[in-house]
Every structure is written in C-alpha cells, then in structure tokens.
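The values are calculated or read from the model by the stated rules, or taken from the named source; none is laboratory data. Everything numeric here is computed off the predicted structure, so don't read it as measured data. In this analysis, Cβ positions are derived from the backbone assuming ideal geometry, glycine residues included, and neighbour counts consider all displayed protein chains. Ligands, DNA and RNA are excluded from the accessible area calculation, which covers all protein heavy atoms including side chains. Shrake-Rupley method; radii C 1.70, N 1.55, O 1.52, S 1.80 Å.
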Amino acid sequence: MPRSAGPTEAGRPGNPTPSMAVVGNLVRELRHAAGLSIAALAQASDLSPGLLSQIERGQGNPSFTTLVKLSQALDVPVGRFFLADTEAGALVRAGTHRRLLLADENLEYTLITPHMNGRLGMIKAQVAAGWSNESAPFEHPGEECILITEGELMVCIAGTVHTLHEGDSITYDSGLSHWYRNATDRNAVLVGAMTPPSF
C-alpha cells in the first residue's frame, strides 16, 4: 500500500542524534546482509530511496509504520529496533525497560520482557488519540493477547472490528492481519503478550 513520508519523517539538518545513528547503522547492516541496494529495499518496503538514505545516515526520523515496513522487507522482527543502554537480565527494574528508540510520535512502545529472544514477549504500548495503523496492519506468526489498561481501542482482526474498553482483553492468531485505531480524544494504553515474540 503506497504511503508517502509524513512530516515526522523528513530529514533534519545538523548531526544525527545517537538513537537515530544506531538505528540507521542497523538498517544499513541488515540491508547489506540481505544483499539489497537502497533502491531494492525501497521497492520491497514501499518507501522512497531518499527516506531510506536519510535513515541510514541517521538523519531521518522514521515513524513506527516505516519501521514495520522495513522489518517486513528485511525479514526481521520489529523487536530488533528495541535497544538498551545496559545488559538486561531476567529482572528488569522500573525505569530500565527497553524502548523503541525511534517510535512514531503518537505511539510509544516499551518492552516488558528483557529481550525478544525467548519464547515469550511482552510489551506495553501507549496509543495516542487518533492513531491508527490500518494502512499498514501487523501480521506475524504466533498468538497474541492484549489487555487494555487505560482508555479505549478499536482492534481489527482479519476484517472483524472489536472495540475494547479498559479491562477488556482479546486473544488472536497474530498471523492474521490485524490493526489498531484509537478513535477517542484520549490516550489508550495496552499490555500485550505474544508467543513466539515475533513482534
């Protein structure tokens, strides 16, 4: 599905921030490992070559949707973009959870489990009012369960839309196309578990 770069994805002047540089290097390394040129990756991910070049130089600010498209084109889980400043063990203290370094301005992801390399992955997501990924739905192998802890969220599974309120949960085959939409004027927060952690 074609999607042009939004205003948050434009290049920014000056030196790249450390987080942008880290993600840019990772994208470049994954592209080289896959034997793809920037043009080939752009075509596979339905993104512009200019945006990819900016990201690799650490000068772009990709949205979460852009990272999903890149992960699908590179055949890696989006969780690869979760990075931590220090080594993480089974115990994760408050304030030290990994986060998505370059998240969409309206979507904030935090990793509850210490990493995405085990048999179970858990995340916490804050979804801003008006946010939706209907244009780029998720689809990954496994099973997923989400619990709404704040607000209200529309969840569409294989074309069937469910409206979840605080305290509601839904479990589904994550191999089916699924997307979220916050149609309200307040943030929604969810806690999700997936096995395997193919997010």
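Projected label points at ASP168 and LYS124, each 7 Å from Cα along the beta carbon direction, are separated by 2.3 nanometres.
Dipole of segment 145-188 computed with +1 at Lys/Arg Cβ and -1 at Asp/Glu Cβ about the Cα centre; of THR160, ILE148, ASN187, farthest Cα towards the positive end is THR160. Taken about its Cα centre, segment 113-199 carries a charge dipole of about 220 debye when Lys and Arg each add +1 at the Cβ and Asp and Glu each add -1 at the Cβ. Nonpolar atom fraction for segment 93-184, defined as the carbon and sulfur part of the 1.4 Å probe accessible area, stands at 46 percent. Subtracting the Cα-Cα distance of THR195 and GLU143 from 0.36 nm times their residue separation leaves 18.2 nm of extension gain. Short to long, the 5 Å bins of the Cα pair-distance histogram for segment 115-177 hold 4, 14, 25, 29, 19, 7, 1 percent of all pairs. Averaged over its residues, segment 118-199 has an accessible area of 45 Å² per residue, based on protein heavy atoms and a 1.4 Å probe. For the pair ALA94 and VAL22, the difference between a 0.36 nm per residue extended length and the Cα-Cα distance amounts to 23.6 nm. Annotation for segment 101-185: trypsin sites (Lys or Arg not before Pro) lying in DSSP loop with at most 15 further Cβ atoms inside 10 Å of their Cβ are ARG119. Cβ-Cβ distance of SER177 and ILE112, R₀ of 22 Å, FRET efficiency by 1/(1 + (r/R0)^6): the value works out to about 0.35.
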